[in-house]
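Data block below; observations after.
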C-alpha cells in the first residue's frame with residue numbers, strides 16, 4: 001500500500017502564485033475537499049500571497065453584508081411587532097401624555113372604541129337614575145349588568161372581526177394567547193375600578209349584594225369566554241355567555257321590580273362566591289391546555 005498523498009508547502013505556494021501545473025492544481029483542488037489539514041495549508045499560502053489582501057477585503061465585505069442584512073431583518077421584525085401592538089416607533093423623547101396614549105393604543109381596540117364609551121354611559125346612567133330620577137333599583141341592575149361588560153370588551157379586543165392588525169399580531173412572538181390575555185386584563189382593569197366604585201356610591205338596597213359581589217362572576221365568565229373562544233372564536237364565545245347571563249340574571253332583575261332574591265342567588269354568599277372562584281380556576285386550567293389554539297388564524 002502506498003503512503004497517503006498530501007499537499008506540500010511548495011505545491012501550496014506554487015498554487016497560490018498560479019504557477020502550479022494544471023494536473024497538480026487539479027489534484028490539489030480535489031484533495032482539499034476531503035483533507036482539512038491540507039485545506040488549511042493551502043488557505044494560509046493563498047492569504048500570504050499577492051491575492052491575500054483582495055481575499056481579505058472580499059471576506060470583510062461579505063461579513064459586513066451579512067451583518068447588515070441580519071440587522072435589517074431584526075429591525076423589520078421589531079417594527080412589525082410594534083405595529084401589531086400599536087406602538088409604532090420607540091417612545092423615547094415623548095411626553096408622558098404621548099406615552100400614555102401609546103399604551104392606550106397597545107392594549108387593544110376595546111379601549112379605543114365604543115366599548116369604553118358604553119361602560120362610562122352605563123355608569124353615568126345608573127348614578128343619574130339613582131340620584132336624579134329616584135330609581136331605587138339602580139344598584140341591583142348595575143350589579144346584574146356588570147359581569148357582561150367585560151365579555152363585550154373581550155369580544156371587541158381580539159380576532160379578525162375586531163382587530164385590523166390581527167393577522168400581524170398572531171405572527172409576532174407576543175401574539176396569540178399572550179396578546180389576548182394582555183387585552184383581557186386591560187378590559188378588566190377598566191371595568192373593576194369603575195363599576196365597583198359606581199356600585200359603592202349607589203344607594204343601598206336591602207338584600208342586594210355588596211358592590212364587589214360581581215367580581216368573581218365576571219372573572220369566571222371572562223376566562224370561560226377565552227376558553228370557549230379557543231374553539232369558536234372570542235366574538236361567538238362572548239356573545240354566547242353574555243346571552244346566557246342576560247337571560248338567567250339580568251332579564252328577571254329588569255322585569256321584576258324588587259327582584260333582589262334572584263340576584264342574590266347568583267352573587268351572594270360564601271358558597272356562591274366559592275363556586276364562581278372554582279369555576280374561574282377550572283376555566284384557567286382549560287385555557288392553559290388550549291393555549292396553542294390561539295397561535296393559528298381564526299377561520300370563522
Relative packing of peptides 124-131, 50-57 - highest average C-beta neighbours within 10 Å first: 124-131, 50-57
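How do 43, 157 line up, fewest other C-beta atoms within 10 Å first?
Lowest to highest Cβ neighbour count: 43, 157.
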Distance (nanometres) between label positions extended 7 Å along Cα→Cβ at residue 47 and residue 201: 7.6 nm
Segment residue 29-residue 278, extension gain: residue separation times 0.36 nm, minus the distance between their alpha carbons: 82.3 nm
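Using 0.36 nm times the number of residues separating residue 168 and residue 131, minus their current alpha carbon distance, what extension gain do you get?
The span from residue 168 to residue 131 would gain 8.6 nm if fully extended.
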Cβ crowding within 10 Å averaged over residues, with 5-17, 135-147, 224-236, 58-70 ranked highest first: 135-147, 224-236, 5-17, 58-70
Over the range 9-73, equivalent-ellipsoid semi-axes from the Cα gyration tensor in Å: 29, 14, 9
The range 33-55 versus the range 207-226: alpha-carbon centroid distance in Å: 74 Å
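No value in this document is a laboratory result; all are computed from the given coordinates. If you're wondering where the values come from, they're calculated on a predicted model, not measured in any experiment. For neighbour counting, all protein chains shown are included, and Cβ atoms are generated from backbone atoms with ideal geometry for every residue, glycine included.
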